[in-house]
Structures are given as C-alpha cells and as structure tokens.
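Colleague: Structure below; questions to follow.
The values are calculated or read from the model by the stated rules, or taken from the named source; none is laboratory data. Keep in mind it's a predicted model, so treat the numbers as computed, not measured. Because the Cβ atoms are built from the backbone with ideal geometry, glycine has one as well, and the counts that use them run over all protein chains shown. Heads up: the accessible areas ignore ligands, DNA and RNA and are worked out on the full protein's heavy atoms, side chains in. Shrake-Rupley method; radii C 1.70, N 1.55, O 1.52, S 1.80 Å.
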Amino acid sequence: MLYTNTGDGKYRYSGSFHKTGKPDLIHSWQQFLETLQTTALAYYETRQAELRDMLQELPMKIKCLPWKSIVIVALPFLVYLLLFKFYVSIRTITGLDEVTHPNIEILPAVEEHVFFCHPHKLVSQNPHFVLDCLAAVPYLLHFPLPFLFMLYLLLTPKKRAAVFPYFWCAGWVNLIAVLVQLLFPTAPPWYTDSAVFDQNGALIAVQPNEAGFKRLDHVIGHDLFHGIYSQSPVKFGAFPSLHIAWPMVILLNQPWFGWKVAIIHVAWITWAALYSTHHYAIDAVGGILLALLIKACIVYIWSPFEEYKASDNENGTIPTNKTDRSEIV
C-alpha cells in the first residue's frame, strides 16, 4: 500500500519519491502514456508506408487486370441495362406500342391449365404484417443481390474462378428476360385483378404498382415500395420473373452458404412474389427455366469462359477464357 494508517485517524504516504518529487503512481502513468504514444506513432507510420506501397503498385495491378475478359463478360449485362433504362423509348420508336399491347389474359389462362388454380390468390388471401415483412426482405435484397454475390466470389479465393462464368450467365438471363418483356409485355396479377375498364376498353382505375407492399408502406408511414416501383420503366414485365431468376442463377453458380440455403432463397422469393401479387406462379417457373436454359447453353454449347472447377483453382486465380488462363487478379 502507498498509504498507511498512523493510528490517530490520519494516513501517511509510504511510497518512494523520485528526484522530480512525483509519486510512483504518477510516474508509471506517464510512462504508460509515452509508451502508448510511441506505439500509436509506429503503427501509423507502418500503415502509412503500406498505403504508400499499395498506391505505387496500384497502376501495375490495374494494368494487369484481364480487361478483354472483363469487357466481354460485361457486354450482356450492359446491353440489358440499356434496354431496361430506355424500355419505353424503344417501344415507342420501334412502334411496338402499336403492335403488342400489354397482355392481361394469357398468363392467368396458362396458369389455370398448368396448376388448375391461381396460386397467388391462395397465398395472398390472408395478409398479415409479419408476412408482409417476411416478403419484403428478399424483395429489398433483390436489387443489390447480383453485385453482392459477385463481391462474395471475388473475396473468396477458392471460388474466385467462378466470377466470370457467373456474371456471363447472369448477364444473358437478364438480357433474354428484358427482350421477352420488350416484345411481349405481360401484366402482373395485381394489375389484372384490380384493373377496371370502361365499355370502350379504357382503363378507369387500378391499384398502385407496389401491390401488396402498399400495406407495409402504410404501416411505416413512408412510400418505400411505391418509390421503387413507380420509377421502374418496365411496368408490364411479369414474365419471366427476374426476382426468381437471379437467386436461381446464384444457385447454379457456386452459391454462398451452400446449395440448400440457395434453394431456400429461391423458394422464399417465389412465395414473396406470389404473396405480394407481383407475379404469377407461371412467371416463377419461367424465371427458373430461363436460368436453367442459359446455364445449359453455357455448359454444353458455348461460353468464352471456363466452367469453374474447385480443383482448377487452388491458388485463387480467375480463368479469363478458354484459351488463356494465365491472367490473375
């Protein structure tokens, strides 16, 4: 103890003093602060040197990227983005608006013959706030999903070689889907079930684009889903469903957390699409079959990229194409 009781109710300091006159405790605290300052400065200087080295190496790393393969793999997805962005303008300029009007009859008719019922009506007949929240989760994840999965593949050395085959597959699935929606626009069930027409066939009233998610917007007091769907240029793109096709592409290309979780994801968003009345069940079937068809064409017919094999990727490289596997990211 630094202090001892003298017996008369007073305490006497029993520690030693240095030449500075400061107690040991104060001196030790100063030493600790000096050590902490020295360690922090050394850490900062080390990190600064590493950052400087990384910035010096960055131009060389960028130059060594497989740019030819990157451009090739991005082409289908870039074309899809252009068609999606200018969907309305393309239909107007090409005269497709006059040739093919949004169809509200064929999907429910096909569904009736395939399932002998309308599954979306069965699934959505008992809405609940908890179910609305469960359906909203995969829908909100839908938009960043392709890029999050690509980032996962890039950050996982053993699966890095699957990046190009995955994005090539995803790009073609999106491109074929938007071409179908461009040439043959189909109305989703929320539109077909709620649209009211006059005697001349003119639309009188229809529920908002967010369909079943309008309940969630009302509860949270914010037009979250209304804002998302009111800005979409593709109003009549029910078939095939890209909401289901994207998780299916992930299932077919080295899925994260294993194939069982990927199947659950596909089933989850399929239920959410039916529950929210954004899609018919036949739309989900179309999305799944489209992903399977594109993957089969890539594997058995042609692809500029090697199919991923775990045994080929022990060192975390990215095979660029079938004739050149030497470039490393």
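Colleague: May I ask which of Lys214/Lys235; Lys235/Lys295; Lys85/Lys121 have a Cα-Cα span longer than 25 Å here?
Modeller: Correct reply: Lys235/Lys295; Lys85/Lys121.
Colleague: Could you pull out the GluC sites (Glu not before Pro) across the stretch 96-160 that fall in loop regions by DSSP (anything but H, G, I, E, B) with no more than 16 other Cβ atoms inside 10 Å?
Modeller: Here the sparse-neighbourhood loop sites are Glu105.
Colleague: Say each of Ser89 and Phe32 gets a label point 7 Å from the Cα, pointing the same way as Cα to Cβ; how far apart are those two points in nm?
Modeller: 6.6
Colleague: Accessible area per residue for the stretch 86-131 in Å², computed with a 1.4 Å probe and the full protein assembly in place, what is it?
Modeller: Value returned for the stretch 86-131: 70 Å² of accessible area per residue.
Colleague: With a/c under 1.5 counting as rounded, go ahead and sort the stretch 40-142 into rounded, prolate or oblate using the C-alpha gyration tensor (a ≥ b ≥ c being the square roots of the eigenvalues; past the cut-off, prolate if a/b is larger than b/c, else oblate).
Modeller: Oblate is the answer for the stretch 40-142, as a/c is 1.5 or above yet b/c matches or exceeds a/b.
Colleague: Something else now. Between Thr39 and Ala296, what length in nm is gained on full extension when 0.36 nm per residue of separation is reduced by their alpha carbon distance?
Modeller: 86.8 nm
Colleague: Assign one of three labels to the stretch 124-247, namely rounded, prolate or oblate, based on the Cα gyration tensor with a ≥ b ≥ c the square roots of its eigenvalues; rounded applies when a/c is under 1.5, prolate when it is not and a/b is larger than b/c, and oblate otherwise.
Modeller: oblate
Colleague: Specify whether the C-alpha gyration tensor of the stretch 65-204 places it in the rounded, prolate or oblate class, a ≥ b ≥ c being the square roots of the eigenvalues: rounded for a/c under 1.5, otherwise prolate if a/b is larger than b/c and oblate if not.
Modeller: Because a/c hits 1.5 or more and a/b fails to exceed b/c, the stretch 65-204 counts as oblate.
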